[in-house]
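The values are calculated or read from the model by the stated rules, or taken from the named source; none is laboratory data. Bear in mind the structure is a predicted one, so any value in this text is a computation, not a measurement. No Cβ is skipped: glycine too gets one built from the backbone with ideal geometry, and neighbour counts run over all protein chains shown.
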Amino acid sequence: MRKIFRILLMAAVLAALVGLVACGGSDEPEAAAPEPTVAATATSVPDTPPTAASEAPAPTTETAMAAAQPEGGSRAPSADLTFDDRPAQGGTLVRLFADPPTLDPHLAGDVTSSVIINEVFGGLVTLSLDYQPVLDLAEHLSISEDGLVYTFILRENAKFQDGKPVTAHDVKWSIERAADPDTLSHTAETYLGDIIGVKDKLCSEDDAAAGKCTKADEVRGVRVIDDRTVEFTIDAPKSYFLAKLSYPSAFVLDQEQVTEDGSWLDQPNGTGPFKLATYEIGELIILERNELYHLGPPHLESVQMILSGGSAMIMYENDEIHLTGVGLDDLPRLLDPSDPLHPQLHRSPQDFDVFYIGLNSEQPPFDDVKVRQALNYAIDLQSIAENVLDGRVSPATGVIPPGFPAYTENLRSYHFNPDLARELMQESEYADALASGDFPRITLTISGSFGAAIPTYLEVILEQWRQELGIEVDIQQTEWATFLQDVNDKKYQMFSLGWIADYPDPQNFLDVLLHSESQSNHTNYANPEVDRLLEEARTERDRGRRFELYNQVEQMVLDDAPWVWTWFSGEGYALIKPEVSDYFLLQMSIPKYRYVYFNQ
């Protein structure tokens, strides 16, 4: 994933949108005033596992892939940029950013953290610029005829940043560290749970004593063959498994450093293209080029991320930063061809994300499906999108975003129908309580510091619920890192969140977010038929049939309404200095700073 909660990214628009997860996904928090993301066209992972080792996919070192140039000059990867065609190196890229909730890959579950983690750490697999799984620390992969056994051979030059070789023992230890219950990872089961033995390793002493699981000291599905060869065995052939290994849960850590240095995250010994040279909380992050990087050192000497805030537009115009997202207030003048900054304006298509208000189906009044449906029908999302958010988002019509594999427009989605909303409330078990004033108190929790401005679009939604249904909703704000933790622990009655894709497969949305046993199902939603279809889709080898199953699930989820659907991201705009080349605007969070270079 990224199961990535994130504070919305499109600087202006998404100044209104509150939190976003997902793991892979658009990549930066609004506090950092980043650019909208996007570029290469996403393609799905092949659905049918190879039938013989010789037919195994042959991911290679990452190459910038060809992609269509979006209208308006949005930056997309070019086909001729490779690691063997390298511009002159040097220079420091400067941008605004925000403090990451964590830098531990095995704990990360948000985009803000993943942006840094993807540059400092790595694993056997990463995603290419067109979102395909390609080999990273590994140089060769073979897959067994039955699609269950993945054998990786590490690169001879795969090293930690201090020069120590990466071995298969490091890979096994890292997987077991992520799956250790003492690590307290909220992502290990979701992204590593296909590996045989991970769930047993995750079993705590208390759960084992209660008979809930069988505790194991190791992950038996990860086997070291020799120093450079490691074998993974999964529980069933799954076309998306390789892509899941690109998530930070599977990243390789330095066992010696992690076990012996309690402050190892201050200067982690990663394997990524950049070293974490400086982290001053609330002030500054500096990433420095890793000269030993196995795919070739980055072009840039360093990346400087300012955490102390400031007006992004003013800083950009004063040449203090090299890039920024563009707010609604500034966009009209920048779209004017006569404006001197107009040539530096870039447009990108929408991210692979969905935003929603989660409803805890085990807490009143959301334990009644009619109440949940009524809340969806009682808001005029189209009007809010046009009049509050200036058309920079579109109403979400399902779980899977436009352009993503398995996306379909053939769903019965919600639309503004206040009469039907009131009718559903009258049919609910809470009708009398609403009439008598005994309706359960509702609190919507959002990320943000206490006293910070409430996004206007949320205020409009709450007012429409009050006017159309007579329902009052209080708002509670919680600091981002705490908010993420509490969402993971399913503490909230109602919360505002978003999800951005970690890999290009609908399983990353529907199964990860809505299967009743998924750790990322934050609403306690449970439908046995949905679970059955999701489990069938996991091992279905026919792509068309698999997508049909996901579309069936998506409609069932819409009918059950565990969410109040809000937005799909719209196109965004960014300013990028003309001397900056190959700063790609991407739809998902993947390592990208190694491509950037200065052309002057």
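Listed here are the residues, each with its yes/no results for (1) in contact with a Pro (Cβ under 9 Å, 6 or more places away or on another chain); (2) of a type in the set (G, A, S).
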site	(1), (2)
S520	no, yes
N524	yes, no
E529	no, no
R532	no, no
R546	yes, no
D560	no, no
Check: Can G437 be described as surrounded by fewer than 19 Cβ atoms within 10 Å (Cβ to Cβ), out of contact with any Pro (no Cβ under 7 Å at 6 or more places or on another chain) and either closer than 29 Å to D489 by Cβ or not hydroxyl-bearing (S, T, Y) (or both)?
Finding: yes
Next item on the list: Just give me the residues in the range 446-467 being of a type in the set (A, V, I, L, M, F, W, C) and in a strand (DSSP E or B), in sequence order.
Entry: I446
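Take F509 and decide whether it is over 15 Å from the mean Cα position of the chain (by Cα) and surrounded by 24 or more Cβ atoms within 10 Å (Cβ to Cβ). Step through it out loud before you land on a result.
On the way: over 15 Å from the mean Cα position of the chain (by Cα): no; surrounded by 24 or more Cβ atoms within 10 Å (Cβ to Cβ): yes.
No: the conditions fail for F509.
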Next item on the list: Taking the residues in the range 460-486 that are at pLDDT 95 or above and exposed (fewer than 15 other Cβ atoms within 10 Å of the Cβ) as candidates, determine which candidate is nearest to L424 (Cα to Cα).
Entry: G470
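For the range 94-143: of the residues being assigned to a loop (DSSP other than H, G, I, E, B) and among the hydroxyl-bearing types (S, T, Y), which is farthest from V230 (Cα to Cα)? Steps first, please.
Step one: filter the range 94-143 for residues assigned to a loop (DSSP other than H, G, I, E, B), giving 97-109, 121-124, 128-132, 136-137.
With the extra rule that they be among the hydroxyl-bearing types (S, T, Y), the set shrinks to 102, 128, 131.
Values: T102: 28, S128: 22, Y131: 24 Å.
That would be T102.
Condition (residue is farther than 28 Å from V111 by Cα and in a loop (DSSP other than H, G, I, E, B)) applied to the range 383-396: is it met by at least one residue? Quick ask: steps written out before the conclusion?
Taking the range 383-396 first, the residues farther than 28 Å from V111 by Cα are 383, 387.
Restricting the remaining residues to those that are in a loop (DSSP other than H, G, I, E, B) gives none.
No, there is no match, as no residue in the range 383-396 is farther than 28 Å from V111 by Cα and in a loop (DSSP other than H, G, I, E, B).
Quick check on Y550: is it in contact (Cβ under 8 Å) with a residue 24 or more places away in the chain and closer than 30 Å to G296 by Cβ?
no
Would you mind finding the one in D217, D146, D170, D206 that is part of a loop (DSSP other than H, G, I, E, B) and over 28 Å from F509 (Cβ atoms)? Break it down stepwise before answering.
Working: D146 fails: over 28 Å from F509 (Cβ atoms); D170 fails: part of a loop (DSSP other than H, G, I, E, B); D206 fails: part of a loop (DSSP other than H, G, I, E, B).
After applying the criteria, what remains is D217.
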Check: Which of the residues that make up the range 131-189 are without any contact (Cβ under 8 Å) to a residue 60 or more places away in the chain and out of contact with any strand residue (DSSP E or B) (no Cβ under 8 Å at 6 or more places or on another chain)?
Finding: A179, D180, P181, D182
